[in-house]
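The values are calculated or read from the model by the stated rules, or taken from the named source; none is laboratory data. No experiment lies behind these values; they were computed from the predicted model shown. Neighbour counts are summed over all protein chains in view; Cβ atoms, including those assigned to glycine, are modelled from backbone coordinates with ideal geometry. SASA here: full protein model, heavy atoms, side chains in, ligands and nucleic acids out. Shrake-Rupley method; radii C 1.70, N 1.55, O 1.52, S 1.80 Å.
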Amino acid sequence: TYRTTVFNPEVDTDFVPTFDVTDLYWVPTESGWGAKLVQATDGSVFGAVYFYDETGNPRWMTIQGSWTGAGVFSGKLYTTRGPGFNASPFNPALVQVQEAGTGTLTFAADTQSVRFDFAMGNQVASKQMVRFSNIPEGYRDGSNYRGLWWNANESGWGLTMQHYYNSLFVAWFTYNPDGSQVWMTLQGSWTSATTYEGKLYQVKQAPWNPASFNPSATQVTEVGTAKLTFTDVNRATFDYTLKGVTGKKLIEKFEF
């Protein structure tokens, strides 16, 4: 008696992971750039990589793809241009998406580290990244705001949040008034059980070369203030003052 398995090699195998890769990832010796990954309940992954362009200005790209093997996520890299953060209202029809390259994320068995292989323009590189922190996720009252946040009527910009107990790391991915990309971090504290507020910081670097990144060249500038007021773990109000422009946005956790 023989037991056989018959399969069609032309049919893609569904490698839905049994682990969660949602977190911030970085290279500890190269503080100043990194990636934020968000994983949906069905295994889908959305990734945002923040880095610098040829003039040292902060830029970001997204990786969109699928699981192509056990612990291996591959896809295309995209950059965008869009209405500035001062645009009111924000018109998502003006967002321009451009394919920028390809990338592959290969996770270690314990998911604490990942190798990021990518090709973007004339840059081909491989980086070994680790999770930013091993602090338990979630706030002490049971809330957890980690994930990707956006306004469904303003697709093209958003915030990523990583929640470590009392600490909240927030990155705002948006556009300058000229349409070019920019990202900032919000660093602050909880002023109530549902309110987090602080200062906005923008980072400038030497032109990003993955082979010779120099963290000592990082220049951090305070550019404004912001406040997050959470209605619940899925909805919030984002108030900000950035470079003299004041705004208010209703945001919600992105479900995909």
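Assorted remarks:
- Test: residue in the range 101-119 that is within 23 Å of Leu250 (Cβ to Cβ) and over 17 Å from the mean Cα position of the chain (by Cα): no
- Of the criteria (1) touching a Phe, Trp or Tyr at 6+ places or on another chain (Cβ under 8 Å); (2) farther than 25 Å from Tyr145 by Cβ; (3) not charged (D, E, K, R), which one Gln123 fails: (1)
- Residue list for the range 29-83, restricted to those being part of a loop (DSSP other than H, G, I, E, B), open to solvent by 30 Å² or more (accessible area, probe 1.4 Å) and over 17 Å from Val124 (Cα atoms): Ser31, Thr41, Asp42, Ser44, Thr55, Asn57, Ala70
- Just one of the listed residues (Ser74, Ser113, Ser126, Ser88) is more than 20 Å from Leu159 (Cβ to Cβ) and touching a Gly at 6+ places or on another chain (Cβ under 9 Å), namely Ser74.
- Per-region count, the range 232-242, residues touching a residue at least 60 places away in the same chain (Cβ under 8 Å) and either in a loop (DSSP other than H, G, I, E, B) or farther than 20 Å from His163 by Cβ (or both): 2
Per-residue answers, yes or no, for (1) open to solvent by 60 Å² or more (accessible area, probe 1.4 Å); (2) of a type in the set (Phe, Trp, Tyr):
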{"position": "Gly103", "(1), (2)": "no, no"}
{"position": "Ala108", "(1), (2)": "no, no"}
{"position": "Asn122", "(1), (2)": "yes, no"}
{"position": "Trp150", "(1), (2)": "no, yes"}
{"position": "Gln162", "(1), (2)": "no, no"}
{"position": "Ser192", "(1), (2)": "no, no"}
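- Enumeration of residues in the range 213-244 that are of a type in the set (A, V, I, L, M, F, W, C) and out of contact with any strand residue (DSSP E or B) (no Cβ under 8 Å at 6 or more places or on another chain): Phe213, Ala217
- Restricting the range 194-223 to residues that are assigned to a strand (DSSP E or B) and open to solvent by 80 Å² or more (accessible area, probe 1.4 Å), the residue that is nearest to Gly142 (Cα to Cα): Lys199
- Residues in the range 181-190 that are buried (at least 17 other Cβ atoms within 10 Å of the Cβ) and among the aromatic types (Phe, Trp, Tyr): Trp183 only.
- Annotation note: of Thr4, Thr13, the sole residue that is of a type in the set (Ser, Thr, Tyr), farther than 19 Å from Thr106 by Cα, at pLDDT below 90 and not in a strand (DSSP E or B) is Thr4.
- Scope the range 164-179; condition surrounded by 16 or more Cβ atoms within 10 Å (Cβ to Cβ) and among the polar types (S, T, N, Q); matching residues: Thr174, Asn176
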